[in-house]
Structure formats: structure tokens, C-alpha cells
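Inspection log for the structure reproduced underneath, given as C-alpha cells.
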Amino acid sequence: MIWDLHCHLSGVSGRTPDERMAQLIEFANRMGIERICVYMGMHWSSDPKPEDFRQQNDEVIQALSHWHHRAFGFAYLNPKYVKESLAELDRCVRDGPMVGVKLWTAHRCSASELDSIVERAADMKAVIFQHTWFKVEGNLGNESTPLDMAALAGRHPNVPLICGHTGGDWEKGIRAIRPHKNVSVDLAGFDPTAGVTEMALRELGAERIIYGSDAGGRSFASQLGKVFGADIPESARKLILGENLRRMILPILKLKGVSL
């Protein structure tokens, strides 16, 4: 069982969300990927206004419309607009088909503005995914690092959170979130490098590691290589490839009355 945490409509060919989703599913089929999580629209904005993130979420909802048996959607929000983000969370997750939250680079996740979003999402059992990165040339002004994620996790120790990209610089990222048992890492996006999955397993445990690709910005195959090429037990590989993500999504599916 392979479930991919981290996919986008961007970077895939197609004039419409439906055409792009069909492409993603075609590529996933080649690699034996059962289900994918999709967030953000066909054209991204790193600091979207409410009308922008609503449009992007509408594109994802349209992309899901024929693929509910293969894909899950996460609502893209901007914590700079707390009231509007909470309303969008209600629209897309509570009253809509989505099962999670995607937060990107608009606002550092250590900021207090995220607290009400995290609390509302946790009440809904929604999966919470935050992009993080340690960039050599310096992060964008409001781009979160795993240290920001650690601060957020410390304020919400009982809420499961996902640290996107393992922070890019994964050795520093793993160390930054290691004390926070409620934080899992996403393997997506950075170059497939020997040792990343082994270190994450050693420092965090298999239950806190989730496979993702960042397709179409990255290929499914290159990112699967981080897991299939790792020197880890088969039991850990199964958790990373799908069982951990399934466990995180099941509570909201049950709340929505969806059976797998």
C-alpha cells in the first residue's frame, strides 16, 4: 500500500483541474500508488488573498470530483487572514470533501495567528501539513523552518502535525522537531539523498515518517527512491509508504462517514 501525502496540480500538463488530475493518476498508476493527497491550485500564490486561496481550493475540489476513490484534498489557507481562513476551513473540510489543511509560506507557523486554525482543524480531525525549509541562501521573509514548527507543536502538544519536506536540510530538520512527539516528517521534495530515511527512523521512529513526492514538482519515482532505497526493515517501510498516513486520515473519514 502506497499513499502519497504531497501532490499538486501545478507542474502537471493540462488546461483544467480535471485534465491535470487525470495526468497525476496516470503517473501514480505506473508507480503503484493507491491514493494521493492534493493541495493548491493550478497557479500558486505564496501569499494568497482570500479570493485567491478560495479559487485554488475550488480547483482542487473540481479535480477530486471524479477521483474520490483515489485522492484526498487539503484546504490551502493563509493565516494572515484568520477569519477568512477559518471560514474556508469550514467550507472545504467541515462542509466539503477535504480532509486536511495545507499551510505554505505566507506566515511563519510559529506565529500566534495559527493557533485558532490549528484548534479548529483539530476539532475536525483534519490532517495539518506545514511547509518548512532551511535554505542556504536564506528563507523567504515569512517562510517557516522546522524550528517554527517546533514552536507551534509545543503550543499544541496533543495535535498531530506534519513538518513538510523534513525541513529541506533534513539533518537539521529532524533534530529540530525530534522532541515533539506530535510532529511527523514528510519526505517529499528535496533531492533523494542516501541516509535521510535511515536517520529519520533512528531519531524519530517509523511511526513519525510519511512518504510524499511533491509531484508534479518532483517525480513519484525519485521520491519513492528515498524509501525503497533505504536500508530499513520492511515493517518500517510499510508504515512510511502508507500505513502512517492512513492512520492519520482515518479519524476524519470516520467523522465524515467515509469507509475505505
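Each reported figure results from applying straightforward, stated rules to the coordinates on display, with no laboratory input. Nothing here was measured: the structure is a model prediction, and the numbers come from that model. Backbone-built Cβ (ideal geometry, glycine too); neighbour counts: all protein chains shown.
Listed values, structure above:
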{"read-out": "Answer residue from segment 244-260, given it is over 15 Å from the mean Cα position of the chain (by Cα) and assigned to a helix (DSSP H, G or I) and is surrounded by the most Cβ atoms within 10 Å (Cβ to Cβ) among those", "value": "I252"}
{"read-out": "Any hit, segment 90-102, residues being over 14 Å from A75 (Cβ atoms) and more than 17 Å from the chain's Cα centre (by Cα)", "value": "no"}
{"read-out": "Within segment 2-50, tally of residues that are at positive phi and in contact (Cβ under 8 Å) with a residue 60 or more places away in the chain", "value": "2"}
{"read-out": "Yes/no for D58 being under 30 Å from E119 (Cβ atoms), among the acidic types (D, E) and buried (at least 24 other Cβ atoms within 10 Å of the Cβ)", "value": "no"}
{"read-out": "Some residue of segment 162-172 being closer than 30 Å to G257 by Cα, crowded, with 20+ Cβ neighbours inside 10 Å, out of contact with any Leu (no Cβ under 6 Å at 6 or more places or on another chain) and of a type outside the set (V, I, T)", "value": "yes"}
{"read-out": "Tally, over segment 216-226, of residues that are surrounded by 20 or more Cβ atoms within 10 Å (Cβ to Cβ), in a helix (DSSP H, G or I) and of a type outside the set (S, T, N, Q)", "value": "3"}
{"read-out": "Enumeration of residues in segment 193-212 that are touching a residue at least 12 places away in the same chain (Cβ under 8 Å), under 17 Å from G167 (Cβ atoms) and either in contact with a Phe, Trp or Tyr (Cβ under 8 Å, 6 or more places away or on another chain) or surrounded by fewer than 18 Cβ atoms within 10 Å (Cβ to Cβ) (or both)", "value": "T193, V196, E198, M199, A200, E203, Y211"}
{"read-out": "Qualifying positions in segment 229-243 - touching a Leu at 6+ places or on another chain (Cβ under 9 Å) and within 13 Å of M1 (Cα to Cα)", "value": "A236, I240, L241"}
{"read-out": "Residues (of a type in the set (F, W, Y) and touching a strand residue (DSSP E or B) at 6+ places or on another chain (Cβ under 7 Å)) located in segment 35-91", "value": "Y39, F53, F72, F74, Y76"}
{"read-out": "Subset of segment 39-49 (residues that are in contact with a Ser or Thr (Cβ under 8 Å, 6 or more places away or on another chain) and either among the small types (G, A, S) or buried (at least 16 other Cβ atoms within 10 Å of the Cβ) (or both))", "value": "M40, G41, M42, W44, S46"}
